[in-house]
Structure formats: structure tokens, C-alpha cells
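No lab work stands behind these numbers, since they all come straight from the coordinates. Quantities reported herein were computed from a predicted structural model and do not represent experimental measurements. All Cβ positions, glycine included, derive from the backbone under ideal geometry; neighbour counts span all protein chains shown.
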Number of protein chains: 2
Amino acid sequence: MINPYEAFKNAVQANIDKPIENWDRITEQMATLSIKKGDYLIRAGNTVEEVYFCVKGIFRLFYLLEDGSEFIKSFCYENEFVTSYGALVNSFESPFSIQALEDSIVIVISKGLLEELIRNSRVWEMVVRKEVEKLYLKKEKREMEFLNLNATERYNNFIKEYPELVYRIPQYYIASYLGISPVSLSRLIKELKN
Amino acid sequence: MINPYEAFKNAVQANIDKPIENWDRITEQMATLSIKKGDYLIRAGNTVEEVYFCVKGIFRLFYLLEDGSEFIKSFCYENEFVTSYGALVNSFESPFSIQALEDSIVIVISKGLLEELIRNSRVWEMVVRKEVEKLYLKKEKREMEFLNLNATERYNNFIKEYPELVYRIPQYYIASYLGISPVSLSRLIKELKN
């Protein structure tokens, strides 16, 4: 397996056109963390002091609703940052949980380190700007899809965007993400195959 | 009335702790635009080549749905940036429209100028990072409210967050934003007054 920090560096560097300096000194202040399938990276109600970079695995970000049902906000997987961003930035309790759907490995970046990197480096400011932009664009796209597309179109977009994840995420979670019942999703997939 | 560019400078500078340089040279490349109440800043289906800064007025950002109904994504008003951000960044057609709810004045910043500012200035990179962060946090908050709060709680949050807008925006638009019918909102407001 590739060194986690190498994977991290490659992913970060791929998004920007300037070299990241002092890489070794920076990653010395990070740690890796293994999370078993089913375990939580962040639980709703907890404060958030860290950002994570997913080296291996998949996470679901979900709200637990008052009636006991769940709403899946998004999935995160290899080479993506994952955290409860609003809670991190505004120091409030996370409104949603983040759970591993596979045995996963993340790199842990403390809020303090992230703030220091942004303060001292133009390049890290750019990295964060691009990551937050990605977060926002993901949400804008999802909003648009919910408002303008039917379930079949949303599913087709999902498999186009995440061709690999379709086989790694249990089908009932994909249904939850698409806002339909597992039964409807099974029916829809059967129809698409015919 | 305050000079539009002064208002712009003050609002931008208030969010960052570093001075913005060459302000006059930069604003020379911008323009102001007056928009009549009811007119459109951006129409769904159009490409987007500009970011706007609202000096005066209010805008609603909304989706027109297939059944002819509308979904209000958000409101923007004085001292906020407004555009169809995903369309601007990814050069696709805007999925939603932006319409003035009052006679309004905006400062026009071309995509080219914005990109140049980010490329050449650390401070502008920070400005954009913070603005995109605001956009994202607004969306995360709205998602949380829709999932966890009832209509009364959402209305109370709205008037707490936008105390001034409540009197400037027609009530049926506020109802649309809150995801309830105008009748339900009237009833709710009457109950709150009792």
C-alpha cells in the first residue's frame, strides 16, 4: 500500500499549480487513524476539532431524524477531505454523524494545524479554498438534482459520478442518499437492466 | 448614499485582517449596475460570467420547477456577493434564476478579473475562500433546519437571522423559502402573535 502521507500529498498537489513546501515538517504534526467498519469518525452532538483526509475507505455523513429515520447527506471516500465543516469552523456541535462503511484509514489534521497552515501559507489557503468550493458545488448539484430530476435520473447521475462506489456501498444507503425507499431503488435498477 | 465602491471595500475589508492593496486600480475594472424591481440579474439556462456585490437591494435565488412551481434557494441583500457560483466556476448554464425584489444596485466583477485577483493576491484568495465558506455554511445550516426543525422553528430562525428582511420581502416568498404555503405562514405568524 502507498504511504498515507504520499497519497495525501499527491491528492493535495494535484489540485493546485504551486508546490507545497515543508511537507515533511507539516506531516510530522499529523497522525493516521484506523476506523473499523461501522465505527464513527464524528458523532452528532459532539464538537469537532479535526479535519480528516481519507486514505482508504468510505464514510457516510448522515442526520438522525426525530422519528428515528436517517437522511444521508453525502458519501466521502479515498482522496477526499471529510469532517463536519460548519461545526469545525463555528465551534458548534455537529448536527450530523460520520460513520465508516468499510475498514478505513484517515489522516488526522487538527484545527489548530489547519489554521496555522492557512495563516502562514498562500498555497494552503488555496487548498482550503478549493476544498470548500468542492463542498459547496457538491451541495448545489445535489439540491439541483433533488429539485429537477426524477429518481431514475438521480440514480443514473450517481453511478456516472461514483461508478466504483455503487459496488462498495450497501444498496439501502444509496436509496437513502437518493431519497427513495430500498424497494423503489431495486425496482428502478431492475427496470434499467431490462 | 455611500459611494458603492466604498461600501464594497468596507464589506470586504471587514472580513479579513490584511489590507487590500491597489484598491482604486482594481475598482476601475468594475462597473455598477442598476436593476429594477422584478428584473433578472441571472436567468436559469444562461451562462454566468460575472460575480455581483449587492450595494443596495434584495435578490431571490430560485429554481423554476417542471410543474411551474418555484423553490427559493436563498435571499441575498446589502453587502453580500451574489451569483450562480457553480455555473460561474464550471462554465455551465445556471440551474436557477436571480431576481431583484427591490430596485437594486450591484457592482459587477467579471470572472476574468476575479481569477486575476485570486492569482495575483493572497488577500483576494482569502476573500474568496471566506465567501465560498459562507455560501457553504448557509447551505449546511439550511439543510439542517429543513431536516430537524418544524415550520415555526424555521420561521423563528429566519426572523432572528434576517430581522430587517422580514419587512422587505413579500410574505409569500418567505413562505416559499421556508417550504410552507402562504396560508400556513399567515396562520403561524398569527399564532406567534397570540
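Beta carbons closer than 9 Å, at least 6 apart along the sequence or on distinct chains, pair a first residue in segment B:143-162 that is of a type in the set (Gly, Ala, Ser) with a second that is in a helix (DSSP H, G or I) and surrounded by fewer than 17 Cβ atoms within 10 Å (Cβ to Cβ) for B:151/B:184. Applying the condition of being of a type in the set (Val, Ile, Thr) and within 14 Å of chain A (Cβ to nearest Cβ) to segment B:45-81 and asking which residue is farthest from residue B:106 (Cα to Cα) yields B:72.
Checked against the criterion of being closer than 27 Å to residue B:66 by Cα, touching a residue at least 40 places away in the same chain (Cβ under 8 Å), more than 12 Å from chain B (Cβ to nearest Cβ) and among the hydrophobic types (A, V, I, L, M, F, W, C), segment A:170-193 has at least one qualifying residue.
The condition (being charged (D, E, K, R) and more than 10 Å from chain A (Cβ to nearest Cβ)) is satisfied by just one residue among B:115, B:140, B:133, B:125: B:115.
Taking only segment B:11-35 into account, find how many residues are of a type outside the set (Asp, Glu) and free of Cβ contacts under 8 Å to residues at least 12 places away in the same chain. Going through segment B:11-35 one residue at a time, the tally reaches 4. When segment B:87-110 is filtered for residues that are of a type outside the set (A, V, I, L, M), surrounded by 15 or more Cβ atoms within 10 Å (Cβ to Cβ) and either closer than 16 Å to residue A:130 by Cα or within 11 Å of another protein chain (Cβ to nearest Cβ) (or both), the ones remaining, listed by number, are B:94, B:95, B:96.
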